[in-house]
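See structure below.
The values are calculated or read from the model by the stated rules, or taken from the named source; none is laboratory data. As the structure is a computational prediction, the values presented were derived from the model and not from experiment. Using ideal geometry, Cβ is built from the backbone for each residue, glycine included, and neighbour counts are taken over all protein chains shown. Each accessible area value is taken on the protein alone, full model and side chains, heavy atoms only, with ligands, DNA and RNA left out. Shrake-Rupley method; radii C 1.70, N 1.55, O 1.52, S 1.80 Å.
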Amino acid sequence: MPGSRAATAELDDYRITSSVEIQALLKQLLDAKSMVTLSGPNGDSYTTLMWAAEGGRGLCFSAEDSDARLDALLESGEIVAVAYLDSIKLQFDLEGVVHVKGGHHSALNAQYPTVLYRFQRRAAFRVQPLATKSPVARFRHPAMPEMQLALRVLDVSLSGVALFLPDNVPMIAAGVKIGQCRLDLDDDTSMDVTLMIHHVTAIHPESKGARLGCELIGMDWSDRTLQYYINQTQKRRLAMLADKR
């Protein structure tokens, strides 16, 4: 957490210390199977899944026996956990982290947090592309590099996109990082991005596919291209609704 008094004061509005509230939010993370990103002061990070959160016994995360990223993170001694619930960002320090190795069932155990920070994500405002456009995300399937995909974009925000994965395409699991993806949103808006898949959600059976909730990683926020696209799409959608009245 930021060390200055001013920064700490600014965070007070987002601080949660009620054990009941903390337990409720962590339970939501468990139920949603949301991916959790663990980060260290030197930029090391490791994405994992929370397995258990019990006030008297602590937290438990999935882990791998041999992973250089995890080893570097544990050596740093300072670990911050970040996870997302729709438009909410949750952040908390991990204390007393222990890597318990056990073959295929290795785990990270940590103390139960006494303080948690809850932020409303301003960048989470989403727009659905207009029906006249067919925006797609183009990338190679992470498990089958020879397969080139062009997945339909369901909605867009400044922080992420939702993609439609048809039933006839091999599944892409939560936690997978797509390093090279081309977003073609309309004739004037295309960009190269990196995606982290956080959620895989089944859609209505008639849709014959799943929804991939993806975070945009490493975006250059000085580039207003995505902001402009979202604003223009929203304006056009509102204009279309006004015309129908």
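Just a few scattered comments:
- Selection from the range 57-78 of residues that are in a loop (DSSP other than H, G, I, E, B), surrounded by 13 or more Cβ atoms within 10 Å (Cβ to Cβ) and in contact (Cβ under 8 Å) with a residue 40 or more places away in the chain: Ala63, Glu64
- Test: Ile203 is modelled with pLDDT under 80, under 14 Å from Ala162 (Cα atoms), of a type outside the set (Phe, Trp, Tyr) and surrounded by 13 or more Cβ atoms within 10 Å (Cβ to Cβ): yes
- Pairs where the first residue, in the range 170-191, is without any contact (Cβ under 8 Å) to a residue 24 or more places away in the chain and the second is open to solvent by 40 Å² or more (accessible area, probe 1.4 Å) and charged (D, E, K, R), C-beta under 9 Å, 6+ apart: Asp187/Lys133; Ser190/Arg182
- Contact map, the range 27-39: first residue closer than 15 Å to Glu215 by Cα, second residue of a type in the set (Phe, Trp, Tyr), Cβ cut-off under 9 Å, separation 6 or more or different chains; pairs are Ser34/Tyr84; Met35/Tyr84; Val36/Phe61; Thr37/Tyr46.
- Within the range 130-140, considering residues that are at pLDDT 90 or above and surrounded by fewer than 16 Cβ atoms within 10 Å (Cβ to Cβ), the one farthest from Asp192 (Cα to Cα): Arg140
- Filtered by the rule that a residue be surrounded by 17 or more Cβ atoms within 10 Å (Cβ to Cβ) and free of Cβ contacts under 8 Å to residues at least 60 places away in the same chain, the range 42-56 gives Asp44, Tyr46, Met50, Ala53.
- Qualifying residue in the range 117-129 (condition: closer than 30 Å to Gln232 by Cβ, polar (S, T, N, Q), in contact with a helix residue (DSSP H, G or I) (Cβ under 6 Å, 6 or more places away or on another chain) and at pLDDT below 90): no
- Selection within the range 92-104 - open to solvent by 30 Å² or more (accessible area, probe 1.4 Å) and either in contact (Cβ under 8 Å) with a residue 60 or more places away in the chain or in contact with a strand residue (DSSP E or B) (Cβ under 9 Å, 6 or more places away or on another chain) (or both): Asp93, Glu95, Gly96, Val97, Val98, His99, Val100, Lys101
- Summed over the range 151-168, the residues that are part of a strand (DSSP E or B) and either of a type in the set (Val, Ile, Thr) or open to solvent by 60 Å² or more (accessible area, probe 1.4 Å) (or both) give a count of 4.
- Some residue of the range 169-176 being open to solvent by less than 10 Å² (accessible area, probe 1.4 Å), of a type outside the set (D, E, K, R) and outside any helix (DSSP H, G or I): yes
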